[in-house]
Structure formats: C-alpha cells, structure tokens
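Report on the following structure.
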Amino acid sequence: MRRRARIVTLAAALLASTLTACSSADDLIIYSGRNEQLVGALLDQLEDAVGIDVEVRYGGSGEMAAQLLEEGQGTEADVFFSQDAGALGAIGAQGRLAELPADVLGMVPENYQAKDRSWVATSARARVIAYDPRVVEESELPRTIEEVVDPKWKGRVGYAPANGSWQAFVTSVRVLKGEDFAKDWLKKFAANEPKRFDNNISILKAVDEGQLPFGLINHYYWYASAAEKGGEANMKAKLHRVGGGDPLALVNVAGVGIIQGSNQSEAARKAVRFLLSEQAQRHFADQTAEYPANPGVKSSKHQLPPITDLQSPDIDLSKLSSLQETVKLLQEAGLS
Amino acid sequence: MAVLPLVYLVVRSFERGGSVVWDVLARTRTAELALRSLTLAVSVTAACLVLGVLSAWLVARSDLPGRRAFGVLLVLPLAVPSYVAGFTWISVVPDLTGFAGAFVVLTLVSYPYVLLPVAAALRTADPSVEEVARSLGRTRRQVFFAVTVRQIRPAALAGGLLVALYVLSDFGAVSLMRYEAFTLGIYTSYRATFDRTPAAILGLVLVVLAIALTVGERRARGLVAHRGRRQPSAAPLGRARVPALAGTIALVLLTLGVPVVSLAWWLAAGTSTFSVTDVLATTGNTVAVSAFGALLTLLLALPVGILAARHQGRLARGVELAGFAGHALPGITVGLALVFFGIRFAPALYQTVPMLAFAYAVLFLPLAVGAVRTGVAHAPPVLEDVSRSLGHGRWRTGLRVTVPLAAPGVLAGTALVFLTCAKELPATLLLRPTGVDTLATELWTRTEVAAYAAAAPYAAVLLVVAAIPAVALDRFLLQDDSRR
C-alpha cells in the first residue's frame, strides 16, 4: 500500500511539473538550433527587449528543421534561430517562414540574407586552416583549394565528413567552380588520403596535440578551445586565413527567421531586431568569436577582421541548402 | 502503439512516390552501409555474449570475492551513453577509430544487456539438473556446456538480440569512431540535406533488418528453463580464482575506469564551470522523466510480455515483432514519428512529460517485454490453475501467484528501461517540455561546444543515477535468496 501511495505521489509531482513547464500561447517561443552554451545568456536578455515572456527550446539545427516541418501549421514556435543557413533555407522553401521587414534586412549586408527575405544572418563564421606551426610554416600552407590536393600533403590533411560546415564548403566548390571541377577536386582529395574526423573540435585537438599537420575547420573553434584551455597563448595550433575569394575562405552564417502564421509576430520581429542590435552583435563577437553580421559592431576581445574584409567567395548562401547533389558527389568520391 | 513509427516511416517514404524509394534502395551505398552495420552488430553481439555469460556466471554462480559489488559495477556501463564512452575512449586512445573503435566501445557499453538476463536465469534455474549430471560423472566443464548453457540459452539470446538492435540503432559511438554505419545515412539526411524522405526509407530498411534478427533469435531461442525451488550453491573457483578476479577487475576498469578517468581529467584540465543547483535540478528532472518512462513502459509491456510467454499466437508475435522493430530505429526517427502524430492527434500532450514517457515506451518496450516474457515463463501456468481451482478469480490469481513469481524478471526489465531512458538524447530533445533539461541534454549541450569540464559533472551524476536501480536490482535478487 505504501508503495502504491508513493507511486501516486510521484505521478502527481510529474503532472505538476508538466503543467508548470507547459509553454503558453502568450509567450514568444524560440526554437534554437544554436547551442545554449553559446547563446543562452543572450536569449535571457532578449526577454527585456521583447516585452513578453520568452521560452527557448534548444536542439540541433537539422533535427529542429525536421521537427518544424513535421509540426507544420500546428507548431507553437514563433522564431527559428538556426546554426546554419541551410536549415533556414529548407523550411523557407516549404513556405514555413514569414517575410522579414525592410528595416531589419537593412541592418545586414545583402549577401548575408535570403533573396526571398525569409531569413537574415545574425553572425558569420569562416572556414580556415588550423595548422601546427611545429610541423609546417604558414607560408608553406595552401592558398587555394587546388593547393590542398597537392600530393605533398598526402595523408596530412584533416577534415570532418559528417560535419555541416564541410558539406557547405563542398557545396560552395560546386556552386562556384562547377560540377566537373568539384568532382575532379574531390577525386584528387580522396586520392590524397585525408584523415577523417568526427567534427571540427577533434580536428583542432589532433592539430594541437601534434598528430596532424593541418585541418579544414571553422575559425571560432580555435577561440572556444583557447578559452577552455585558459588563454590563446596555450594553443599550439594556429589559424591560417586563406581569403582571395577562394572556397577555402567560405563564410557561412547563423541566422534567424520568423515562423509563418506565428501569433506573436510583433514580438518575433522585436526579437529579430534585438539579435541584430549592438548588444547582441557584441555578444557574438566577444563570447562566441563570430563575425558580427551587423558590420557596425566590432569585437572588443578578439582580433577579428570585419565581415566585409573576409575576401569570402561571392555565393548565394541559400544555394548552400542544395546539398542533395553535394552528398551524391561525396558518396561517389567515397568521402561522405 | 509500437506500430506508430512504422506508419510514420511508410507515410514519409512514399510521399514522393515509389520511384524515390527505389532510388534510395538501389544506391550501392545503401547496401554497403547495411552490410557494415550488420557486420558490426554481429561482431559486437558475439563479443557481448562471451563477456556477458562469463561475467554473469562469475557474479551469480561462483565464489568470486566481492561478487555483490561486481554485480553492481558490471551493470553500470549501461548508464554510459555511447557518445560519452566514444569520446572518452578517443581521448585516452586516439588511434582507436573505425571498426575497432566502434566495436570496443559498443561491446563495453552493451554487454550488460546479456549479463542481466543471464545472471537472472542462472540464479533461478533449477540446480538439480546440473547436480544430476555431476552425479553421473560429468566434469564441471562438461556440465556447464551440456546443461547450464542450455538453461541460459533463451536469456542469453534475448540479451544478444537487444545488443544487436542497440548496435543497429546507435549513432553516438559510430559517428565518433568514424565508422560509416547505417544510422549515418539517416542522420546525413536530416542534418545535411534536410530531407526526411531518404531518412524514412533508410529507417524502413533498418526495420526489416531488425525483424530478420528478431525472427532468427526466436527460431534459436528454445524453451525457458524450469525454475528451481532453491538457489544453486556457489561453485568454488579454485585455481581460477585469481585470473577470474583479475579479468573482472580489468573489465570494470575498461568499462568504467576509462570514462571516469577521462571525466576527472576534464574536470581538472578544463576551466569551464558548472553550478551545483543546476546539476541537482537536472538530476531531479532526469529521475522523474525516466521513472515515468520506465513505469509506463512496464505497464504497456505487461500484456505484451504475458501474451508472448503464454500464447504463441500470431497476434502476440506480431506485437512483439513491431516492438523490436522500433528498438532498432534511432531515437531521432521515433522522436519525429511522435512529433508527427502528437501534434496532429494529441496537441494538448505535445511536448509534455507524458508524451516523452510515451516515446521512451515506444523506444524501449522490447527491453521490458523481454524481461516480462522471461519472468512470466518462470511462473508455470499450472500454479495459476491451482489458484483458480481454489476459487480465486483471474485478477486475484494474477496478483497473488503470477506477479510474485515473475517479479524479479519484471523488475530487472524496469530498471533497465530506467537506465536507458536516463541516457536517451535525440527523442528527448524533440519531445521534452520546452525548458526542461535532463542530464543527457545538458551533457550534449556542453560537449558540443567542447566545454568538457562543465560537462563532466553531468556525466558523473548520470552514472550515479544509474547506479541506484543497479543496486536496487541486485538487492532485490539477494532478498529473493534469503526468502528461500
């Protein structure tokens, strides 16, 4: 009997916790594919800017895009804050994003927003080469993608095949240089026996620990790793920025869109404006070492060149969601 | 209920017509990945059968020193999420990748699936059969292979099936070890191409593989051994005592030592911080949702398990099969299936704890069904007939006769489900109430941004939370001893 009583108590407690945790239609609900560790503190401040209660749900961007598509019209989400343009492009293409107002879009350079006005970048990250200066000089490192597949780098390059940023990079090679070039390049890349890694962090770790001469990663992992290690001076790995409009200098973005049919569209617009405000943009520059999408804001902590100086390739970021073909190419090259 | 994910997969697979389905299936890559996953599943299962049966025998039947403590320690690896095990192994042995890495990690986290049912079978099997064989002049070794192995075969195979399905559905370890398995194709579909159709088609292939394995297991299972009236006496290990002890300690060090040392290293070397109150609140959430999930799973598993144990009918078989099929699907697929149905047919429950518990039940039903089935099979129907003939009704008979006899197996199953719920990640992320964090989600959030020092306490608490059912499980079985 006592045991049964205990079970009833537990069930009651669970029910209570369910009810209190339940989100209400009067709140602004943000689906965030961006990590809570990176943006949690910022989204806490967002509540003041928006004026109503804000609830944030965290997950992976790709999984959340699938979830939003499954939820369809029934979704409670008002805003989708995504780690990459691809996830935004995917739900935008299904008509699940509302058009953003002109004043919001005006805050960000045109190449960092959707052509159909459905989403806008909030911050950017660049592809870089993380290298081990104990093994190679920066001057020897590749300055173009052609130089990456030079046979002298056989077995010495690291990449993360399952990572979205790698796939976006390959997509950019296809879009910028054409399918045939991409196919040929991937063939050479595969023949060069690159080292596979699970993600950018493990690549950087291998370079830092002296196991890998260089690897293709995103710039901010280096800053995050330096912070975890107690300072930039503790990093053995260094960053090489390519530039020159080469795909190796691809810039990808995190961005935000408002869900079509949101019953909090005014608050949602305020939230997007807040994410592009000086306060939020400085957060990205200082805390996550990303390039602010609003070119008027500079980092007070890191040596980051402004977003307009990155010499990134000229590419329509929404085309980076045309990954079907990329994956096919990668599969053919045995690199997926 | 167990069929919901299948219905969802069929809907999504065929929404763009049959030709797309054929396209995905006809890719050589699909067959290649399926073969790689099957190879891994078969190898890991074989290794788990050896490790699981050996360790179960040592814990349940031998006079191994400290076997009660080992009984708990050897079960604990179940609480280590495969992505944590994978990450800690890579940080200790960086070269351990690919097939070898995935094999080692998955074997070390999943052999308790075999250990648990086999230990239970060894404790409850009738020792008189072995004694008769011994008295007829057979050596201990001959008896083990001729009698004991036969007695534990159903339990071992049932455990082996769970291992195989777990390996098929795993994404954490294989992705960290860079072994290209079937789930990789499914995840690429969601994460890189944002296309749910190929993911669903691949999910269906996984279901077919799972059904094939389940049917194979059923053919090989045989009959459940008769339950003994008393406990077998502990077999003296003699000269094998030292190597047995050394082997057991080595296994504990490999399964728990590696993650624990890594966690300690993360805590010591990293500078990211954590808050004790957050860890405690998250622990409370985890215990609550996992307990709810385990209870709901048990409730749903009881009728299925009893049916499966008592009636070999088509319906029972079909229901059991559907449950096992769901177990081979990655959490993301089952999670999305419940998003699909939840928002359409139960919007009031969508993203609430009951819905999450329901997802756990769909994912982990086979863990409980297997335990209930074996447990109920240990309670012979003849005892129920006696009870009925004494004038007790069906329900009273069930409560007074069947339940007590089946209880150890059923409780073991519930504890297992609890552990598994506590470490579940992908479905939890999709279906948890907004703002409710579990140990697994907090761990994921932190490891994703390389904040290992902040992640370590969550991993450590997850181990402690999982230790509670493991200890309770062990104590229950010991109480069972003293009653006789």
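The values are calculated or read from the model by the stated rules, or taken from the named source; none is laboratory data. Treat the numbers as computed from the prediction; the structure is a model and nothing was measured. Note: ideal-geometry Cβ built from the backbone for every residue, glycine included; neighbour counts use all protein chains shown. All accessible areas refer to the heavy atoms of the entire protein, side chains included, with ligands and DNA or RNA removed. Shrake-Rupley method; radii C 1.70, N 1.55, O 1.52, S 1.80 Å.
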**Prompt:** Which of the following residues is more than 25 Å from A:Asp316 (Cα to Cα), touching a residue at least 24 places away in the same chain (Cβ under 8 Å) and open to solvent by 20 Å² or more (accessible area, probe 1.4 Å): A:Lys152, A:Lys183, A:Lys188, A:Lys177?
**Reply:** A:Lys188
**Request:** Would you check if there is a residue in the range B:49-67 being free of Cβ contacts under 8 Å to residues at least 12 places away in the same chain and closer than 17 Å to B:Val105 by Cα?
**Result:** yes
**Count - residues of the range B:452-470 that are open to solvent by 10 Å² or more (accessible area, probe 1.4 Å) and at the interface with another protein chain (Cβ under 8 Å from one of its Cβ atoms)** = 1
**Prompt:** Can you pull out the residues in the range B:129-143 that are out of contact with any strand residue (DSSP E or B) (no Cβ under 9 Å at 6 or more places or on another chain) and open to solvent by 40 Å² or more (accessible area, probe 1.4 Å)?
**Reply:** B:Val129, B:Glu131, B:Val132, B:Arg134, B:Ser135, B:Leu136, B:Gly137, B:Arg138, B:Thr139, B:Arg141, B:Gln142
**Complete:** If we ask which residues in the range B:122-163 are over 30 Å from the mean Cα position of the chain (by Cα), of a type outside the set (Val, Ile, Thr) and outside any helix (DSSP H, G or I), their number turns out to be 3
**Complete:** Taking the range B:60-93 and keeping residues within 21 Å of B:Pro426 (Cα to Cα) and in a helix (DSSP H, G or I) leaves B:Pro77, B:Leu78, B:Ala79, B:Ser82, B:Tyr83, B:Val84, B:Ala85, B:Gly86, B:Phe87, B:Thr88
**Request:** Could you tell me which of the residues A:Ala126, A:Ala130 is within 14 Å of another protein chain (Cβ to nearest Cβ) and either touching a residue at least 60 places away in the same chain (Cβ under 8 Å) or β-branched (Val, Ile, Thr) (or both)?
**Result:** A:Ala130
**Request:** Take the range A:119-133 and flag every residue that is at pLDDT below 95 and open to solvent by 10 Å² or more (accessible area, probe 1.4 Å).
**Result:** A:Arg125, A:Arg127
**Fill in**
The number of residues in the range B:287-311 that are within 12 Å of another protein chain (Cβ to nearest Cβ) and of a type in the set (Val, Ile, Thr) is 2
**Prompt:** In this structure, is B:Ala26 out of contact with any Pro (no Cβ under 6 Å at 6 or more places or on another chain), under 16 Å from B:Val208 (Cβ atoms) and hydrophobic (A, V, I, L, M, F, W, C)?
**Reply:** yes
**Condition check for B:Phe274: touching a residue at least 12 places away in the same chain (Cβ under 8 Å), of a type in the set (Phe, Trp, Tyr) and assigned to a helix (DSSP H, G or I)** = no
**Message:** Any residue at all in the range B:398-407 that's β-branched (Val, Ile, Thr), under 23 Å from B:Tyr113 (Cβ atoms) and within 14 Å of chain A (Cβ to nearest Cβ)?
**Reply:** no
**Complete:** Filtering the range B:341-398 down to residues that are of a type in the set (D, E, K, R) and farther than 25 Å from B:His327 by Cα yields B:Glu384, B:Asp385, B:Arg388, B:Arg394, B:Arg396
**Checklist (1) buried (at least 16 other Cβ atoms within 10 Å of the Cβ); (2) within 20 Å of A:Glu266 (Cα to Cα) applied to A:Asp84, failing item** = (2)
**Complete:** Filtering the range B:263-296 down to residues that are among the hydroxyl-bearing types (Ser, Thr, Tyr), surrounded by 14 or more Cβ atoms within 10 Å (Cβ to Cβ) and at pLDDT 85 or above yields B:Thr282, B:Thr283, B:Thr286, B:Ser290
**Fill in**
Scanning the range A:199-220 residue by residue, the ones that are open to solvent by less than 30 Å² (accessible area, probe 1.4 Å) and not in a helix (DSSP H, G or I) total 8
**Prompt:** Can you list the helices (runs of 4 or more DSSP H) found entirely within the range A:19-121 that contain at least 2 residues being away from every other protein chain (no Cβ under 12 Å) and small (Gly, Ala, Ser)?
**Reply:** A:36-50
**Request:** Go over the candidates A:Ala77, A:Ala66, A:Ala41 one by one and state the one that is assigned by TED's automatic domain parsing to the domain that holds A:Ala267, out of contact with any strand residue (DSSP E or B) (no Cβ under 7 Å at 6 or more places or on another chain) and within 24 Å of B:Thr197 (Cα to Cα).
**Result:** A:Ala66
**Request:** Name the one entry in B:Ile332, B:Ile306, B:Ile343 that is surrounded by fewer than 22 Cβ atoms within 10 Å (Cβ to Cβ), touching a residue at least 24 places away in the same chain (Cβ under 8 Å) and β-branched (Val, Ile, Thr).
**Result:** B:Ile306
